[in-house]
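See structure below.
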Amino acid sequence: MKVILNCEQIEQILRDLTGHIISEIPAELDVAVIGIRSRGEILAHRLSSRLSQQLSKNIPCGTLDITLYRDDLNSPQGSAQPQVRTTEIGFDIDDKIIILVDDVLYTGRSSRAAMDALIDLGRPRAIKLAVLVDRAGRELPIQADYAGFKADVAPGKLVQVNFTESDGKDQVVIE
């Protein structure tokens, strides 16, 4: 196991992502942050809080469960029953710029599933993808609009994101 980001680096990445988003999105447009369960949800709450504070207005935050939108749901290799959890978006996404948040962008399949789920909920003005870690290995033509750290990770290796809220510490490791 190799630590590639520690808590201080994650904190700096969150500051940078917040600044980058603020610099690119016009202040008069409605913005909302939606995290993909489960680590994207934690990251989205942190990002929404920072954006709200710096913009001096409430930036709504929601959580999206993509289980039923995954393209590997009925895969013959999968024997376990998927755990479907709730999507919690307590606001209208129509005509808002949605900052879709995930911890790691790898193949692009989770992001594609999340976009499908969002479109079923309404018609956002735009969907912008923000990720903590962007690693090579895309299977779909999807890229992050806001990427905190680009990791060169060998195929077959796992990038594991840990957050204080769920794991007791902030760090990103390669296993």
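Please treat every number below as a calculation from the coordinates, not as lab data. In this text the structure is predicted, and so the values were computed from the model without any measurement. FYI the Cβ positions are ideal-geometry reconstructions off the backbone, even for glycines, and counts take in every protein chain you see.
In whole Å, how far is the Cα centre of segment 86-108 from that of segment 143-175? Each part's Cα centre sits 19 Å from the other's. Around Asp30, which amide H atoms from residues at least 5 apart in sequence, or from another chain, sit under 5 Å from its own amide H, with H modelled in the peptide plane? Those qualifying (amide H under 5 Å, at least 5 residues apart or on another chain) are Ile97. Answer rounded, prolate or oblate for segment 1-60, using the Cα gyration tensor with square roots of eigenvalues a ≥ b ≥ c: rounded when a/c is under 1.5, else prolate when a/b is larger than b/c, else oblate. Verdict is prolate for segment 1-60. Based on C-alpha pairs under 8 angstrom that are at least 6 apart in sequence, the chain has a relative contact order of 26 percent.
Considering only Ile174, Ala44, Thr87, and ranking their Cα positions along the charge dipole of the chain that arises from unit charges at the beta-carbon of Lys, Arg, Asp and Glu, the one farthest toward the positive end is Ile174. Each of Ser52, Ser111, Ser23 has some number of other Cβ atoms within 10 Å of its Cβ, and from fewest to most they run Ser23, Ser52, Ser111.
Divide by every residue of the chain the summed helix terms, -39500 (n - 2.57) for each DSSP H run of at least 4, and state the resulting mean residue ellipticity at 222 nm, rounded to the nearest 500 deg cm²/dmol. Could you put the intermediate results ahead of the total?
Details: 4 runs with 52 residues, N = 175.
Estimated from H runs of four or more residues: -9500 deg cm²/dmol.
Residue exposure proxy: His45, His20, ordered by other Cβ atoms within 10 angstrom of their Cβ from fewest to most, comes out as His20, His45. Database remark: amide H of Lys128 closer than 5 angstrom to the amide H of Ile98, Ile99, Leu100 (H placed geometrically; neighbours at sequence offset of 5 or more, or on other chains; Pro and chain starts carry no H).
Ranked for footprinting exposure by Cβ neighbours inside 10 Å, fewest first, Cys61, Cys7 give Cys7, Cys61.
Pull out a ≥ b ≥ c, the square roots of the eigenvalues of the alpha-carbon gyration tensor of the chain, then state rounded if a/c is under 1.5, prolate if not and a/b is larger than b/c, and oblate in the remaining case. The partial results should precede the final answer.
Values: a/c = 1.67, a/b = 1.14, b/c = 1.46.
Oblate, because a/c is 1.5 or more while a/b does not exceed b/c.
Of the trypsin sites (Lys or Arg not before Pro) found in segment 82-175, those that fall in a DSSP loop while having at most 16 other beta-carbon atoms within 10 Å are Arg85, Arg125, Arg138, Lys157, Lys169.
Suppose every K and R has +1 on its Cβ and every D and E has -1 on its Cβ; what is the size of the dipole of the chain about the Cα centre, in Debye to the nearest 20? Mind dumping the intermediate values first?
On the way: 20 positive and 26 negative charges, 49 e Å.
With Lys and Arg at +1 and Asp and Glu at -1, about 240 debye.
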